[in-house]
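The values are calculated or read from the model by the stated rules, or taken from the named source; none is laboratory data. Here the structure is a predicted model, which means the values were calculated and not measured. Cβ coordinates were reconstructed from backbone atoms using ideal geometry, including for glycine residues, and neighbour counts include every protein chain displayed. Accessible surface is based on the protein model in full, side chains and every heavy atom, while ligands, DNA and RNA are left aside. Shrake-Rupley method; radii C 1.70, N 1.55, O 1.52, S 1.80 Å.
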Amino acid sequence: KLVAQAFAARDHLVNGKAAPLVEQYDHRHRQRLARVSWLAPDIISAILEGRQPVQLTARQLIRCSDIPLGWQDQRKFLGFA
């Protein structure tokens with residue numbers, strides 16, 4: 001659900017499209033959700049397949065504002081490498 005909301009939030013913020021999955025959230029929460037959509041593709045796939053590290057939760061991803069931009073750095077930071 002988090003990944004779907006993340007992409008809906010990004011689409012809403014970037015293109016201004018109405019997004020039923022995230023319209024009930026305020027702007028700040030949509031920004032937090034959108035950050036998740038910029039994770040490395042293999043990290044997103046792992047999350048969708050339930051292969052993320054045990055300590056990595058949806059709440060942690062949304063609240064984390066210092067996720068690195070580089071994909072390799074993301075893997076290390078989030079416990080995938």
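For the stretch 52-80, how many residues meet the condition of being of a type outside the set (S, T, N, Q) and either outside any loop (DSSP other than H, G, I, E, B) or within 19 Å of Phe7 (Cβ to Cβ) (or both)?
Selection size over the stretch 52-80: 15.
Residues checked against (1) touching a helix residue (DSSP H, G or I) at 6+ places or on another chain (Cβ under 6 Å); (2) open to solvent by less than 30 Å² (accessible area, probe 1.4 Å); (3) touching a residue at least 24 places away in the same chain (Cβ under 8 Å); (4) not β-branched (Val, Ile, Thr):
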{"residue": "Arg35", "(1), (2), (3), (4)": "no, no, yes, yes"}
{"residue": "Ala58", "(1), (2), (3), (4)": "yes, no, yes, yes"}
{"residue": "Leu61", "(1), (2), (3), (4)": "yes, yes, yes, yes"}
{"residue": "Trp71", "(1), (2), (3), (4)": "no, no, yes, yes"}
{"residue": "Leu78", "(1), (2), (3), (4)": "no, yes, yes, yes"}
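Out of Gly50, Gly16, I need the residue that is open to solvent by 50 Å² or more (accessible area, probe 1.4 Å), small (Gly, Ala, Ser) and within 18 Å of Ala81 (Cα to Cα). Which one?
Gly50
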